[in-house]
1. In segment 10-112, how does Rg compare with the Kirkwood Rh, expressed as the Rg/Rh ratio over alpha carbon atoms?
2. To the nearest 0.05, what FRET efficiency results for TYR8 and VAL192 with a Förster distance of 35 Å applied to their C-beta separation?
3. Compute the Rg to Rh ratio over the chain from the alpha carbon atoms, using the Kirkwood formula for Rh, and round to two decimal places.
4. Starting from the amide H of ILE264, placed 1.01 Å from N in the peptide plane, find each other amide H under 5 Å away whose residue is 5 or more places distant or on another chain.
5. What relative contact order, as a whole-number percentage, does the chain give when Cα pairs under 8 Å and 6 or more residues apart are counted?
6. Between ARG90 and ARG78, with labels modelled 7 Å along Cα→Cβ, what's the label distance in nm to one decimal, could you check?
7. Who wins for biggest fluctuation among PRO26, PRO341, PRO197 in a Gaussian network model of the chain, springs between alpha carbons below 10 Å?
8. Assuming 0.36 nm per residue, please report the length gained on full extension of the stretch GLU283 to ASN316 beyond their Cα-Cα distance.
Amino acid sequence: MEQYDEVYSAEDGWHAIREMRTRGAPAIAIVAALSLAVELQSTTLSDNAEEVQAFILEKLQYLVTSRPTAVNLADASRKLQKVVSGAAERDESDGKSVAKTYCDAAAQMLVDDVSDNQAIGKHGAAWITKTAGEGQVSVLTHCNTGSLATAGYGTALGVIRSLHSNGQLKRAFCTETRPYNQGSRLTAFELVHDKIPATLITDSMASALLKLKGHEERIAAIVVGADRVAANGDTANKIGTYQLAVTARFHGVKFLVAAPRTTIDLQTLSGVEIEIEERAGKEMTFIKGPRFDGVDLDVSHVETVSIAATGIDVWNPAFDVTPAELIDGIITEVGVVEKGPDGKFDLTFAMEARNDGLKPVTIGAA
Ligand SMILES: CSC[C@H]1O[C@H](OP(=O)(O)O)[C@H](O)[C@@H]1O
């Protein structure tokens, strides 16, 4: 039985994001934007364009505080503010027209995100198969970067979907992704739903997988999503990503970041500047209690089950930063950015490239 979280305001949206009832860098931005759109459509607004613009600005600034690491929400807030201020400046505008402009722009984010993800899938699949040579390939991914983290199709999981639909995928491996288990709960669900051959591993099995099964399973790459890509290519992503990049390099497996340009933040020069969200220890020391399949269970009544010694201290960073030197390519909707002859990423070209769906560009190749 499908369960939906009902969101009627920016405040509802803020809590849904903070409590991770919705998560994933692109999805966070879209849910935030749409939660305000719902509020605007159910609120008696001023006739004055500037007053509605100020209301929208205040709500967007509030929504951005829900989670700090993913840049997509701040990026969306900046873009939506620009659209709204343009509307408010027009002579014929009033409160209603400013609100409509906002709602139309927020709805467009859904459409753009899906097409961006499909392009990411296409470019990423082409790069991996070109690099791996003949025959099907396998890929390992981390966390959830599919339709449950975006508006649809997904970023790293979009690459897996594209490989699969092209008949180029041998198998997808996904990590559980402790402590929140986005991999075992969400990515595994998406892979089974799409009938993609897939195997779940614990986070701690990744190096053994590459060492013991990498060759026979033809694991060509580890492909992950991103929450914020700094100007030099350093990438913040779900905790556990950094150690995957280290083991990929050790085992000679390509390590790729898949992210739309809404995740690239040229204002953040390198990974040391990225704020890493720390979450409550109970998200690591408890798991939700038993669920009864098919029963519409009100989770607030479900007992949580302790899986750690009471009283133990906990460190629970939700993300880590993978240095650009461990990243072989950044897959965007306009092509795969590789390092230049200087061994560094230059993301400015990708950010300025036209997203016209033409031939994928390999940007900055040495
Ligand atoms: C499509 S990228 C999603 C990105 O967000 C996840 O974090 P969280 O589940 O805490 O929102 C993870 O870092 C994914 O790579």
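1. 0.96
2. Working: r = 32 Å, r/R0 = 0.93.
Plugging the Cβ-Cβ distance into 1/(1 + (r/R0)^6) gives 0.60.
3. Result: Rg/Rh = 0.98.
4. Residues meeting the amide H criterion: VAL229.
5. Relative contact order, the chain: 16 percent.
6. Label-label distance for ARG90 and ARG78, simple model: 2.4 nm.
7. Maximum fluctuation in the GNM of the chain, among the listed residues, is at PRO341.
8. 11.1 nm
The values are calculated or read from the model by the stated rules, or taken from the named source; none is laboratory data. Just so it is clear, the model here is predicted, and its values are computed rather than measured. As a convention, Cβ positions derive from the backbone with ideal geometry for all residues, glycine included, and neighbour counts pool all protein chains shown. These area figures cover heavy atoms from the full protein model, side chains too; ligands, DNA and RNA do not enter into them. Shrake-Rupley method; radii C 1.70, N 1.55, O 1.52, S 1.80 Å.
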